[in-house]
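Report on the structure given below.
The values are calculated or read from the model by the stated rules, or taken from the named source; none is laboratory data. Keep in mind the model is a prediction, meaning the values are calculated, not measured. Glycine gets a Cβ as well: all are built from the backbone with ideal geometry, and neighbour counts include every protein chain shown. Remember, those area values only see protein heavy atoms, side chains included, never the ligands or the DNA or RNA. Shrake-Rupley method; radii C 1.70, N 1.55, O 1.52, S 1.80 Å.
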Amino acid sequence: MTSQLPATINSVASDPTESRDSTEEYSTLCRTLRKSLRQYPNFPSPGILFEDILPIFATPSLHESLIRAMEIHILSAHPPSLTPPFAGVDVVVGLEARGFLFGPSLALRLGAGFVPVRKAGKLPGECVKVSYEKEYGQDWFEMQVSGIKPGQRVLIVDDIIATGGSAKAAGDLVTKLGGVVVEYLFLMELDFLKGREKLAAPVFTLLNGQEEGGLGVGERDVEES
Ligand SMILES: O=P(O)(O)OC[C@H]1O[C@H](OP(=O)(O)OP(=O)(O)O)[C@H](O)[C@@H]1O
Ligand SMILES: Nc1ncnc2[nH]cnc12
């Protein structure tokens with residue numbers, strides 16, 4: 001999926017009739033976010049360049065920029081309508097752990113529910129479970145059966161897509177419960193790992209180099225390991 005945004009969309013966050021030049025606002029937000037990221041070579045294992053998003057959450061203005069940029073994108077790509085299916089997104093599904101940092105706030109902005117995908121053994125009640133492989137290991141994901149109702153429109157969010165193993169597993173759980181995955185939304189993508197090719201629904205990443213004036217990977221802070 002491309003990052004095409006209309007020149008102007010209506011924001012439902014504050015005033016439904018207020019229109020903004022959202023493309024320009026979105027580009028500015030993404031440039032700011034990109035500059036705040038850090039990289040750590042050889043973490044958590046040799047050969048892995050770890051992309052650290054935590055600086056965003058340490059600064060309220062960056063945190064707000066992240067939520068607003070995602071909100072602009074979703075209201076453009078999946079707007080609510082007056083005809084079925086009405087809701088652009090019914091449920092935001094966030095992946096443990098970093099999808100929990102912004103999934104609930106985004107859900108609140110969109111008027112959607114938030115449902116977690118957790119590592120196995122953490123959730124009470126009846127769950128669906130799936131194993132998956134990611135960039136640095138193998139793991140199990142679970143969701144509560146009560147989390148998704150058949151036919152609900154689901155947005156899956158996480159900080160980063162690498163091999164796509166985690167996101168595909170989350171999508172499989174949502175589908176098992178009868179949900180419809182309308183999009184996978186990430187802050188970042190390791191595109192050389194081609195993770196998006198594993199996913200059946202549209203994939204969107206905020207910092208994919210398409211934002212106007214976007215900085216290259218080499219311009220982020222790289223910490224000593
Ligand atoms: O595309 P993939 O190869 O599957 O990798 C991406 C996943 O890896 C990271 O999570 P991690 O499993 O390290 O868990 P954490 O968020 O609990 O640290 C990241 O937050 C994604 O969920
Ligand atoms: N390189 C990476 N940096 C941060 N999180 C990741 N998850 C999978 N690969 C990752």
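Report the convex hull volume per residue for the stretch 16-224, counting only C-alpha atoms, in Å³. Before the final figure, lay out the partial values.
On the way: hull volume 26.1 nm³, N = 209.
Hull volume over Cα atoms, normalised by residue count, gives 125 Å³.
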Next on the checklist: To make sure I understand the rule: partners must be lysines, Cα under 22 Å from the Cα of LYS149, and not fewer than 8 residues away in the same chain. Which ones qualify?
Outcome noted: LYS119, LYS122, LYS129, LYS168, LYS176
Checklist entry - So how much accessible area does SER65 have, in Å² to the nearest 10, using a 1.4 Å probe? => result 20
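Using DSSP, restrict attention to beta bridges with both residues in the stretch 16-224 and report what percent are antiparallel, rounded to the nearest 5.
40
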Item to check | Carbon/sulfur fraction of accessible area - the stretch 16-224, other protein chains in place, 1.4 Å, % | outcome: 54
Checklist entry - What does the charge dipole of the stretch 16-224 about its Cα centre add up to, to the nearest 20 debye, if the Cβ of each Lys and Arg holds +1 and the Cβ of each Asp and Glu holds -1? => result 620
